[in-house]
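Colleague: The structure under discussion is supplied below as structure tokens; questions concerning it will follow.
The values are calculated or read from the model by the stated rules, or taken from the named source; none is laboratory data. Just so it is clear, the model here is predicted, and its values are computed rather than measured. Quick reminder, even Gly has a Cβ in these numbers, built from the backbone with ideal geometry, and neighbours come from all protein chains shown. The protein model used for the area step is the full one, side chains on, heavy atoms only, and it has no ligands, DNA or RNA in it. Shrake-Rupley method; radii C 1.70, N 1.55, O 1.52, S 1.80 Å.
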Amino acid sequence: MLRIGRLYNLKISHVLGPFRQSSTFKSKLYLKTTLIDSNDYTDQLIKQYAPKLIFNSVVERKVLNIKKQEKRKCRETKESIEPLPLSLKYVLDDIEIKSDECSNPEEEKPLEKIIHFPYNQGFNVEKVTTKEEIETTSSDVASEANEEVRRRYEMQKEMNNWMVNYDSYDDSNLDKEIDLDVTEYKINYGTPDPSIDISNVPCGGCGALLHCKDTAIPGYIPSEIFKNSFEDGGAALEAIVCQRCHFLKHYNLALQVQVTPDDYPKVLSSISQRGGLVILMVDLLDFPCSIWPGIGEIFGYKIPMVVVGNKVDLLPQDSKNFLKRIKQTLLDYVKLQGFGSFNIKEVALISAKTGFGVEDLITRLNSLNRVKGDVYIVGCTNVGKSSLFNALIQSDYCKTQAIDLIQRATTSVWPGTTLNLLKFPIKRPAGYRQFLREKRLNLMHKIQAEENTLRKEQLRQTKNAKYASLIGHIGVTKNPDSITTDPKDLFAQGEASSGKLTMGVDEKLAQFAYSKWCFDTPGVVQPDQIIHLLTTEELLLTLPKELVIPRTLCLKPNSSLFIAGLARLDYVDGPTSIRLTVFASQELPLTVCTIEDAEEMYQKLLGTDLFRVPSGDSKRISRWPNLELAKEFTVKGQSWYKSSNDVVLSNAGWVAVTGKMELEYKLQAWTPEKRGVYIRDCLLPYAVALAGKRIKRSVAYNKFRFYLKE
């Protein structure tokens, strides 16, 4: 038996040749790539660089599925072929039927893509076949500009009549059919009129003051809509949103605006003078990177604060008391970021998307009724402030008379969506109203308990991650003893004789004159975040939209782990192997190689499907900053079943480090421009124990086993 094993090893070494000195994982991955026979550029890239890769999630997934796809195609082909007629079989018994339906069909030519940078113009991305073509591709500047206008014109053919989506606009000056000459560097965004003054009406989506002066200034709407709002029959400004919010909602297209990061803190400077309560929003998937220390200096140390950790529904459960641990970890690092001496009243974990924890947050905010003043939702970009603002409008926290009159804030993956202060009047329930609310919440908790039991059973049967997410309900308490007759139409409250539709709350009315207000403030740019370096497509891949499923790898010393092309973690030296559990979007591939090959692999794979993010042509990749060594550190292990520390790598995610007790491991972290690298206490330390069995002759482990507390 021993001799057979030696002969097998000799055979493997004869096949691999120069790759024999690398680890067995390399050779295994290299042998698997022989199954790939496609001429696709990505497949050829895999076969070219696989000998230097220890692990790549894209390659593993492709190799594991290739045989299944071939078997399925062959089976479908056989089932689709009609049987040979019996007469023909006897007459031509020597007939040979050759079919190559099982072979890979010729791939179609990839379609052109449009990529948009936040607050920047988009540019075309064409897929090339070789790196040499990327490096040699060049064109004249004028021809590129003409081509850019033509592409944008083709993309926006369906948007020629986009203004008809508004309630009313003056089309007397518009051509029935827009004929855009590609030699003119303009796109039909309506007609600006610099002679018209800026209005005092804020946009219902982003809060910027509406105007028709310049398309690049926030709050712009075409003059055809702006002027018509003052005519009889025209929609009032309070009932419409700016062009930027309109394009975000209907076309997922962000228009270029001129807003600098220095303008954001200026909007918040009046909070310290007014007083009130501050809700500090933090992204649980990106902290402490999503905690901007400068916010505290704006509104002072004496103002009471409620720290809210958002997106808890995207975190997997690893133990019974995981929410309590996350809350304590969040509080500790909020204090470390400069809020240690602040008047922190509460720490809450919520999901503004699914509603989990929002009702408990409202209850806590109502208990702070003794706090005099308004409430301000503050935080960095993309932490979910506008989503929470919209959720609170649909709850008991907003006055019932204003629910249908307040426009919802614009939400998008673009950072910095809210450009000014949005607000709604706060309802302070007391007495009988508070009793009715508690009665409704008790009934809701019973319903949620039954739903959780059902979701656990569905999770056991289907193993679907959506049943492991935390979900809650947000409702409005109604008084059953109130008058049952239909009330007056709230939209008719501001309706004039001209028939204009008006929205918004008149603060001079009796029911709002003495109200306290909840404000949705703009996001503050955190220099540690890397989302401002990403395009729209890259943002959608990087920011998790579903439950984050941990991926565990076992690395030996002198190994490098890449999270797409966004971050790199090196295991430099240590006495034993180490377990790294990656918490990142499932769309971001993981790659492992030796430290000696790390720089070469990064340069070769950047912009390819093996890294996926960043993506694009040579122009896009040339704008991407290279990874730089941000921090060197040592981690002491606790147990093979409990992670000791998290290595936060900005928006790319974080990595939990697990090692043998009392042993020290030396690591290095790399990010673009050294952004957002932090070493913190482990947020989900027991997730490593929920990893499946280790895949044979691979550094990866099987699928994560979901845990739901009883």
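Colleague: At 7 Å along the Cα-to-beta-carbon direction for both residue 442 and residue 556, put a label point, then send me their distance in nm to one decimal.
Modeller: Modelled inter-label distance: 6.4 nm.
Colleague: In square nanometres, what is the average projected area of the Cα convex hull of segment 371-411?
Modeller: The directionally averaged projection comes out at 3.6 nm².
Colleague: Would you mind giving the average projected area, over all directions, of the Cα convex hull of segment 565-626 in nm² with one decimal?
Modeller: Spelled out: convex hull of the Cα atoms, projected over all directions, averaged, 4.9 nm².
Colleague: Estimate the FRET efficiency between residue 666 and residue 514 by the formula 1/(1 + (r/R0)^6), using the beta-carbon distance for r and 60 Å for R0, to the nearest 0.05. Don't skip to the answer; put the middle values down first.
Modeller: Working: r = 62 Å, r/R0 = 1.03.
Computed FRET efficiency for residue 666 and residue 514 comes out at 0.45.
Colleague: What is the gain in length, in nm to one decimal, between residue 452 and residue 404 on full extension, counting 0.36 nm per residue of separation less the C-alpha to C-alpha distance?
Modeller: Numbers: separation 48, 0.36 × 48 = 17.28 nm, distance 3.17 nm.
So the extension gain works out to 14.1 nm.
Colleague: Obtain the nm distance between the two label points defined at residue 273 and residue 40 by a simple spin-label model: each point lies 7 Å from its Cα along the Cα-to-C-beta direction.
Modeller: Result for the modelled spin labels: 6.0 nm.
Colleague: Sort 300-311, 201-212 by the packing proxy (mean of other Cβ within 10 Å over each peptide's residues), most packed first.
Modeller: On the way: 300-311: 20.7, 201-212: 23.6.
Per-residue Cβ counts within 10 Å, averaged per peptide and sorted highest first, yield 201-212, 300-311.
Colleague: Bin by bin, in steps of 5 Å, what percent of the Cα pairs in segment 543-683 do you find, going until the bin that has the longest distance?
Modeller: P(r) over segment 543-683, rounded to whole percents: 2, 10, 21, 24, 21, 12, 6, 2, 1, 0.
Colleague: Listed highest first by mean packing, meaning other Cβ atoms within 10 Å per residue, what order do 460-467, 346-353 come in?
Modeller: The densest-packed peptide leads the list: 346-353, 460-467.
Colleague: Arrange the residues 54, 695, 198, 221 by how much accessible surface each exposes, largest first, with a 1.4 angstrom probe.
Modeller: Reading off the accessible areas and sorting them downward yields 198, 695, 54, 221.
Colleague: Full extension from residue 464 to residue 232: what is 0.36 nm times the residue separation minus their Cα-Cα distance, to one decimal in nm?
Modeller: 78.0 nm
Colleague: What is the spin-label model distance, in nm, from residue 48 to residue 360 if the labels are put 7 Å beyond Cα along the C-beta direction?
Modeller: Inter-label distance under the simple model: 5.3 nm.
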